[in-house]
Amino acid sequence: MKILAVQNRMGMGDLVIFLPYIEAISKKFNSPVSILVQESSRATDFLQDTKYIDEIIILKKNNKIKNDEHSGIIGSFNLIKDLKKRNFEKIFIFNSSLRYRLISILAGIKQIYQYKLFDKKNQHMIDTAKQFLNKELEIEVKNDARIEISKSFENEILKKINIDKTKTNVLLAIGGSGPTKRIPASTFLKFIEKIADIKNYHFYLATGSSDEEQKILQEFLNSDFKNYFTPLDKFSIKEILPIIKSCKVSICNDTGFGHFSAALEVNTITLMADTPLMYGDYSSKMHPIIPDGEETVSHNILGKDKINSDKIFKKFLSLTN
């Protein structure tokens, strides 16, 4: 059976959040599901080995692809042509856009499942997806997001970095997509100071290549704990996944690596400074820490300097003891 799911949100985390619903569709029809996603979701970097995903189709619109062939009216017809040749029988559209409904009809897809049209206002990302599948397919989605890595590739990468399994390996995702999401290096280092003498730890530092993120990385590499760290900024996302999977715990800013970590079934402490809490607690593997003095967290809380290293320490001990 040929099934397509449309998830056109921009971020890596957004796509990971929707994976349980895509997997539920796959199980319902006993068939892998193709996905139509933004380039910025980086789907091809982390879903190639996930068996419930079939083809990954990149939406060539509002992204860095030079051939922006799915934009505008002409772009809609190009997308219709691209979908029509694949002969999809069913489509699940995780948005309220009339554009995607018309594209589906003109692409000859007979069975169209979609959110209620023109109902985007105040739409809760997770609850709406749950209610959608419950209404259309009578599915109760309760499972966590899950991504898979081939065992041969996992072994190849772990051998390449010579990971020491006698140590307690920990991922620190210290970067982030915006400055208000990046917890100061000093907060992480205060936490490391508290645990440095407890066990034989080693920390893998996941961050991007931007100037600001590289400055944060250098604070770690110039610290008294520099011998505890292995930077991962030269590794691809695909190469980092097996390293994350080998870790005991992850401690993550609001970044794609936190979502990957939870989807790889690693207990993940999420440091939520300036993003709605649902991005850091939707999985049973996620353990959020919010700024001191706040009861919850959302956009514009600006709480990166109020994430308490003592709370990270206590949560870490509870997950490792």
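Annotations for the structure displayed:
- Flag for Ile57 being farther than 24 Å from Cys252 by Cα and in contact with a Pro (Cβ under 8 Å, 6 or more places away or on another chain): no
- Verdict on Gln131 being over 23 Å from Val266 (Cβ atoms), of a type in the set (S, T, N, Q), assigned to a helix (DSSP H, G or I) and not assigned by TED's automatic domain parsing to the domain that holds Asp254: yes
- Helices (runs of 4 or more DSSP H) contained in the stretch 1-98 and holding at least 2 residues surrounded by 17 or more Cβ atoms within 10 Å (Cβ to Cβ), touching a Gly at 6+ places or on another chain (Cβ under 8 Å) and not assigned by TED's automatic domain parsing to the domain that holds Lys238: 12-29
- The residues of the stretch 266-297 that are out of contact with any strand residue (DSSP E or B) (no Cβ under 7 Å at 6 or more places or on another chain) and surrounded by 15 or more Cβ atoms within 10 Å (Cβ to Cβ), listed by number, are Ala273, Asp274, Thr275, Pro276, Met278, Tyr279, Tyr282, Ser283, Ile290, Pro291, Val297.
- Only listed residue being within 21 Å of the chain's Cα centre (by Cα) and in a loop (DSSP other than H, G, I, E, B), chosen from Ile149, Ile157, Ile126: Ile149
- Within the stretch 305-320, residues that are loosely packed, with under 15 Cβ neighbours inside 10 Å reach partners that are assigned to a helix (DSSP H, G or I) with beta carbons closer than 9 Å, at six or more positions or on different chains, in the pairs Asp305/Thr187; Asp310/Lys190; Asp310/Phe191; Asp310/Lys194; Leu317/Ile195.
- Given (1) surrounded by 20 or more Cβ atoms within 10 Å (Cβ to Cβ); (2) at pLDDT below 95, index of the condition Asp211 fails: (1)
The values are calculated or read from the model by the stated rules, or taken from the named source; none is laboratory data. Note that this is a predicted model, so its numbers are computed, not measured. Cβ: placed from backbone, ideal geometry, glycine included. Neighbour counts: every protein chain shown.
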